Each structure stands twice: as structure tokens, then as C-alpha cells.
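Worksheet for the structure shown next.
The values are calculated or read from the model by the stated rules, or taken from the named source; none is laboratory data. In this text the structure is predicted, and so the values were computed from the model without any measurement. Cβ coordinates were reconstructed from backbone atoms using ideal geometry, including for glycine residues, and neighbour counts include every protein chain displayed. Remember, those area values only see protein heavy atoms, side chains included, never the ligands or the DNA or RNA. Shrake-Rupley method; radii C 1.70, N 1.55, O 1.52, S 1.80 Å.
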Amino acid sequence: ALMKLAQTEEYDALIADMERRIKAIDDADDRDLLTKRYLEFKSWDTIAAEMFISKRKAYYLHNKALKSLQSDAVSFT
């Protein structure tokens, strides 16, 4: 039970860190897409439909958003 608790705490910390990083991104569309994918765990089809874009455009925005996430990122260490 203790191991499961430690894993849950670690998972919660990772999610909190991802949320903090996403909220720091300037571009609203990038923030929206990353929130839908990594915090709400939505499918690409759902994300595309909710954002009124094609799945191809969602993939393009995702790639761009990840680059901005990396450039804004603080290292894990």
C-alpha cells in the first residue's frame, strides 16, 4: 500500500508540474490543445472537433505547442 501511495504522489506531482508548464505558455491555442491532451486525456478526434480544426491541424499545433513548452521548460533537475 505504501508503494502505491508513493506512485500516486509522484503521478500527482508530474501532473501538477505539467499543468504549471502549460499555464505558462503565452499562446492560448497551444495552452488549450496541451490541456485537452495531457490534463484532460482527450483523443485527437475529440480535440480537433472541440477546436473546430482538422486532425492534421491538431497534430501541427501539437508539434508547435511542444516546441514552445520545451523552450519555456525549466529542467527537471
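General observations
- Pairing each residue of region 29-49 that is among the aromatic types (Phe, Trp, Tyr) with any residue that is open to solvent by 50 Å² or more (accessible area, probe 1.4 Å), provided the two are 6+ apart or on different chains, yields C-beta distances under 7 Å for Tyr38/Met18; Trp44/Lys55.
- Criterion violated by Ala16 - all others in (1) surrounded by 10 or more Cβ atoms within 10 Å (Cβ to Cβ); (2) touching a residue at least 12 places away in the same chain (Cβ under 8 Å) satisfied: (2)
- Single residue of region 19-41 satisfying the filter (assigned to a helix (DSSP H, G or I) and open to solvent by 100 Å² or more (accessible area, probe 1.4 Å)) that is farthest from His62 (Cα to Cα): Arg20
- Taking the conditions (1) open to solvent by less than 60 Å² (accessible area, probe 1.4 Å); (2) assigned to a helix (DSSP H, G or I) in turn, Asp45 satisfies each one other than (1).
- Number of the exception - Ala48 against (1) under 14 Å from the mean Cα position of the chain (by Cα); (2) at negative phi: (1)
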